[in-house]
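Enquirer: Here it is: the structure, laid out below.
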Amino acid sequence: MKTNTKYVDKIYKLTRNTAPLSLILASRHTQRFPLLWFDDETGTNKALRYARNQNSPFQEDQDNNAILEPIVFENGFLTVKKENQVLQKFLAYHPGNGRVYVEVDKAKDAAEIVKELNDEVDALIEARQLTVDQVENVGRVLFQEDVTSITTAELRRDILVFAKSQPKDFLMLLKDPALKLNANIQLFFDKKLLQFRNQNKEVFFNTPSNKKKMLNIPYGEDAIYIIASHFQTKEGIEVLKHLSALVKNM
């Protein structure tokens, strides 16, 4: 009886960002380097062993004439021909599958590349369409500096460069409802209406009529997030209105 199984050559690649010139994968179960696969049907662990003259990757199913050989990734890749089904099965069951290496899925990889390119295009389009006010808001949040000392053209250029290199982060930033608030907070610091003190652990007012401390920044917390959270409280809303009015009159 014929089956519909299609045997194909397979390619595997190491998951490390910088793959070594060669890597020898553990190919047999030992006490020092256990290679076990848990069988859900029997509830037992099966020892793995790659032997090129056997039909099974499980040691218990192999005879005493097993011929062992190393499994070597060259330049981060390993090609296994369709005729070597026992090695393909062994790699499928190997505990390093998905952690040390993955099977190359050309269709999936192509789809991921298309998505990345689409994100880049979307980010660049969004960056190009920003109004002058939006450019300043985004610039303050992204670069956390006084954007009034930079020309609009320079700021647009820097934002476009960021959008191209980190499109996902840029698109997430644009969708963040706190974008304008965070930009205003940076503006208050740029205009010296707020100041950090004590190694950025405390925030003080620096208005003509108020030099008091506004709040403390808890250890390990993001200062802008803490200040934004404060500005959303009943007391903080009034402070935000006051600082915003001062900025307009500067």
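Enquirer: Out of curiosity, is ALA127 surrounded by 16 or more Cβ atoms within 10 Å (Cβ to Cβ) and either in contact (Cβ under 8 Å) with a residue 24 or more places away in the chain or under 28 Å from PRO167 (Cβ atoms) (or both)?
Expert: yes
Enquirer: Can you find a residue that is part of a strand (DSSP E or B) and at negative phi anywhere in the range 86-101?
Expert: The answer is yes; a qualifying residue exists.
Enquirer: Among the residues of the range 9-51, count how many are of a type in the set (S, T, N, Q) and either within 30 Å of the chain's Cα centre (by Cα) or outside the structural domain of PHE77 (by TED's automatic domain parsing) (or both).
Expert: 4
Enquirer: Just checking, which of SER229, SER244, SER209 is polar (S, T, N, Q), out of contact with any helix residue (DSSP H, G or I) (no Cβ under 6 Å at 6 or more places or on another chain) and farther than 20 Å from LYS180 by Cβ?
Expert: SER209 is the lone residue from the list that is polar (S, T, N, Q), out of contact with any helix residue (DSSP H, G or I) (no Cβ under 6 Å at 6 or more places or on another chain) and farther than 20 Å from LYS180 by Cβ.
Enquirer: Are any residues in the range 8-47 surrounded by 15 or more Cβ atoms within 10 Å (Cβ to Cβ) and assigned to a loop (DSSP other than H, G, I, E, B), and if so, which ones?
Expert: ALA19, ALA26, SER27, HIS29, LEU35, listed by residue number.
Enquirer: Okay, next question. Check VAL135, VAL141 and return the single one that is surrounded by 16 or more Cβ atoms within 10 Å (Cβ to Cβ), in a helix (DSSP H, G or I), touching a Ser or Thr at 6+ places or on another chain (Cβ under 7 Å) and touching a residue at least 24 places away in the same chain (Cβ under 8 Å).
Expert: VAL135
Enquirer: Would you point out the residue of the range 35-50, among those that are in contact (Cβ under 8 Å) with a residue 12 or more places away in the chain and not aliphatic (A, V, I, L, M), that is farthest from GLN88 (Cα to Cα)?
Expert: Among them, the one singled out is LYS46.
Enquirer: Continuing with this model, one more query. Quick check: anything in the range 48-69 under 26 Å from LEU21 (Cα atoms), small (Gly, Ala, Ser) and outside any strand (DSSP E or B)?
Expert: no
Enquirer: Same structure again: Would you confirm, using the coordinates I've provided, whether ALA163 is buried (at least 17 other Cβ atoms within 10 Å of the Cβ) and farther than 30 Å from THR5 by Cβ?
Expert: Yes; evaluated as a whole, the condition is true for this residue.
Enquirer: Could you grab the pairs with beta carbons closer than 6 Å, sequence gap of 6+ or different chains, first residue in the range 195-215 and in contact (Cβ under 8 Å) with a residue 24 or more places away in the chain, second one part of a loop (DSSP other than H, G, I, E, B) and surrounded by 14 or more Cβ atoms within 10 Å (Cβ to Cβ)?
Expert: Final answer for the pair search is THR207/LEU193.
The values are calculated or read from the model by the stated rules, or taken from the named source; none is laboratory data. Only a predicted model underlies this, so the values are computations on that prediction, with no experimental measurement involved. Using ideal geometry, Cβ is built from the backbone for each residue, glycine included, and neighbour counts are taken over all protein chains shown.
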